[in-house]
Each structure stands twice: as structure tokens, then as C-alpha cells.
Amino acid sequence: MAKLVFKSRYRKLLIGLAIIVIYYWSISGTDTNPINFIEGIPFMIDFVSRMFPPDVSNLGKFLLKALETLQMAIIGSTLGALIALPLSFLAARNVTSNRFIYHVVRGVFDTCRGINEIVWGLIFVSMVGLGPFPGVLALAAHVTGALGRYFSEAIETVDPEIIKAIVSTGANKFQVIVRGIFPQVKPLFINYAFYYLENNFRAATVLGLVGAGGIGMELITSMRLFRNQEVLTILIIMVLGVAAIDRFSAYVRKKIIRIERLE
């Protein structure tokens, strides 16, 4: 008994030391220094103070760019979801018996998801030029990987008894998916899709940094020209836009859940 207690304490000690070493290595490698942060606070206050009052002289142009960003998020999210939806069934263990197809589709999802939207933006800007279209493609590529992974994991959690009951009626694989699997995962699919619509609005603003359209291009231009008051105006529009999309998506999700319960 004493030997087991000693082993347990020794293991905990090793884990604790490993955590300390990892954090020390991470802090030293990133030059993390709280003193530098504290010393920089006056400069940050000075920078923020020069942003007031917000400059609304170009408000109309910024609002149009914000709408363009929303359009990018909508189309990018929709394209990504439409591609991810059918592929996700091929990446679910309980649907795909062919291990080769399963691993290939999973690999595609991991690749799309593992490459950041900014990198996708650079790739598509070099392919189709500047503007919102490469931004749409960048969002769609990343969303395909992210939603595909989440969708496939949701499919793997369905109740197998329901599937067995439908199979026992003589249903083919397509009928099993439509009648047995999809109704179980539809609420999760909707939640994930709306989450990525919100996320893509934020991501689309950043894509402007690489020339992929949207309000992000206005933001980086204003920052480079030290138009701090315009920067504040753009940031306010971005925050309000994200908040509005969040409220709208929450409202739609509630309505859909209510309809599902009534059915």
C-alpha cells in the first residue's frame, strides 16, 4: 500500500515538474515580461486617447465595407457548410466502412482546418487577385475543414438503436442517413453553422490585411496612415456587427429548436 502511495506521489511530482518546465520553456521562448507590459501602459493610453472622438466623415463607406464583410461571411459559410455536409458522412466511422475513404476525407478536413484563413487568403489572392472573392474562398476552405470535422464527430455520436431499427425495415444506406442519422444531428449542425457565420464575420475583417476585401482593408489603410479616429470608428462598426450577428443567430436557433420540439 505504501509503495502504491509513493508511486502515486512520484507520478504527480513528475507531472508537476513537467508542467513547470513546459511553462518556463514557453515563457522564455516568447520573451514574456510583465514589466514590459506595465511600462507600455502609458503608450497604450496615449494611443487610445488619440482615437477620440471617432471620425465619422467616411461612415457611409465603412458601413458599405461592413456589409461587404457580412456578404463574404454568409457566402463563405454557406459554401463551406454545403461542401462539408456530404463529406462529413464519409468521415464518420459509423457510416463509412471503407477505411481508406475515411482517412482521406479526414485528411482533407484536417488540411483545410489546419491552414489559417489568412494563409488561405494569400493563396487565393495570388490565384484570383484582390477583392472580396478570394476572401470568400478563404473562408469557405477553412470552414469546410472545421465544420466537416465537427459534423462527422456529431454523426458518430448518434443513437445506434435508432439506426438498427431503421435498418431492420429494409432501408438502404441513403434512407438510413436521411431518416435515422440526419434528424438526430440536425440541431447540432445548425448550431455549428451559425457559430461559424459569427466567426467568419470576425475572420473576414482580418482577411482585409492581405487584400481579400471587406472592412479589414479600410482598417489596415487607416492604421498605416495613422488615422486613429477612423480606426476607432471601424472598430465600433466591427464590434456592433459581431454583436448583431450573435443576437440574430441566437434568435434563429431558438426558433428552430422550438419548431423541432413542436414536431
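Just so you know, all these numbers are worked out from the coordinates, no wet-lab data involved. Note that the coordinates shown come from a computational prediction; the quantities given were computed from them, not determined experimentally. Cβ placement follows ideal geometry from the backbone for every residue including glycine, while neighbour counts extend to all protein chains displayed.
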Number of Lys-Lys pairs in the chain under 24 Å by Cα, sequence gap 8 or more or different chains? 6
Below 8 Å, C-alpha to C-alpha, sequence gap of six or more: please give me the relative contact order for the chain in percent. 25
Which residue, 242, 205, 137, has the largest displacement toward the positive end of the dipole of region 59-262 when charges sit on each Cβ (Lys, Arg +1; Asp, Glu -1)? 242
Over the chain: helical MRE at 222 nm, DSSP H runs n ≥ 4 each giving -39500 (n - 2.57), nearest 500: -27500 deg cm²/dmol
Place the peptides 20-26, 162-168, 215-221, 115-121 in order of packing, highest mean first, counting for every residue the other Cβ atoms within 10 Å and averaging per peptide. 215-221, 115-121, 162-168, 20-26
Note the full-extension length gain between residue 188 and residue 24 as 0.36 nm times their separation in residues minus their Cα-Cα distance, in nm to one decimal. 55.1 nm
Taking the C-alpha atoms of the chain, convex hull volume expressed per residue in Å³: 233
